[in-house]
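Read the structure below first, then the notes.
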Amino acid sequence: MKKLNILIVLFVAVCISSCYKNNLLDPEKLPASPVAGEWWVSVLVGSDDIGGTRFKIYTYNDDVNKDSIWIDDGENIFGFKAKAKADFAGKTFAGTNSGNEYYPADSTLAPSVTFANGKVLPKAAHSKTGVVCDSIYMEVQLAGDPTTYILKGCARTNWPDDDY
């Protein structure tokens, strides 16, 4: 009976402690939160929309450098995942010849990416259904390609009707 009581107490203790919400990983408390997110973007060259639709990209914190973010197109557009320096207070970012994690340096396929004029504008865009959301803008150049691509769009709302 004594063993049963000990097991019951341990079980209850585990159940109670598992309900504790750990706020250490709260996304709002991470340095990159002002510019981090999932985004639906158009791809333009000049004013021409060359993609014809919206593509999902991601911006998220870099676990090593507290002043950098990852910009990742999830291989949905060109296939790039590279770091950019960020000013979180100003909601801007840029990076020159950042190594492309999808295509290593020995590859002939865009081994590096340059990001310029990157910025997030709070509540400056509208989703597919008209929901007000943050806007993102950046100019992208892939190594070996002289074209400057403009990626611009809005934050993903996570509502199915807003997905492309």
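The values are calculated or read from the model by the stated rules, or taken from the named source; none is laboratory data. Since the structure is predicted, the reported quantities are computational estimates derived from the model, not experimental observations. Quick reminder, even Gly has a Cβ in these numbers, built from the backbone with ideal geometry, and neighbours come from all protein chains shown.
When segment 138-151 is filtered for residues that are surrounded by 17 or more Cβ atoms within 10 Å (Cβ to Cβ) and either assigned to a loop (DSSP other than H, G, I, E, B) or modelled with pLDDT of 95 or more (or both), the ones remaining, listed by number, are Met138, Val140, Gln141, Ala143, Tyr149, Ile150, Leu151. Mind checking whether some residue in segment 101-109 is under 26 Å from Pro31 (Cα atoms) and either crowded, with 17+ Cβ neighbours inside 10 Å or not acidic (Asp, Glu) (or both)? Within segment 101-109, one or more residues are under 26 Å from Pro31 (Cα atoms) and either crowded, with 17+ Cβ neighbours inside 10 Å or not acidic (Asp, Glu) (or both). Mind checking whether some residue in segment 90-106 is among the small types (Gly, Ala, Ser), closer than 20 Å to Asp49 by Cβ and modelled with pLDDT under 95? No, because not a single residue in segment 90-106 is among the small types (Gly, Ala, Ser), closer than 20 Å to Asp49 by Cβ and modelled with pLDDT under 95. Within segment 118-130, the set of residues being under 16 Å from the mean Cα position of the chain (by Cα), over 15 Å from Ile69 (Cβ atoms) and not hydrophobic (A, V, I, L, M, F, W, C) comprises Pro122 only. Restricted to segment 30-64, and to residues there that are surrounded by fewer than 19 Cβ atoms within 10 Å (Cβ to Cβ) and of a type in the set (Val, Ile, Thr), the residue that is nearest to the chain's Cα centre (by Cα) is Val64. Note on segment 50-87: residues that are acidic (Asp, Glu), under 27 Å from Thr108 (Cα atoms) and modelled with pLDDT under 95 amount to 2.
Listed by position, the strands (runs of 3 or more DSSP E) contained in segment 30-95 that have at least 2 residues being closer than 19 Å to Leu142 by Cα and basic (Lys, Arg) are 81-87.
Filter segment 109-136 for residues that are outside any strand (DSSP E or B) and under 13 Å from Phe80 (Cα atoms) and give the result. Result: Leu109, Ala110, Pro111.
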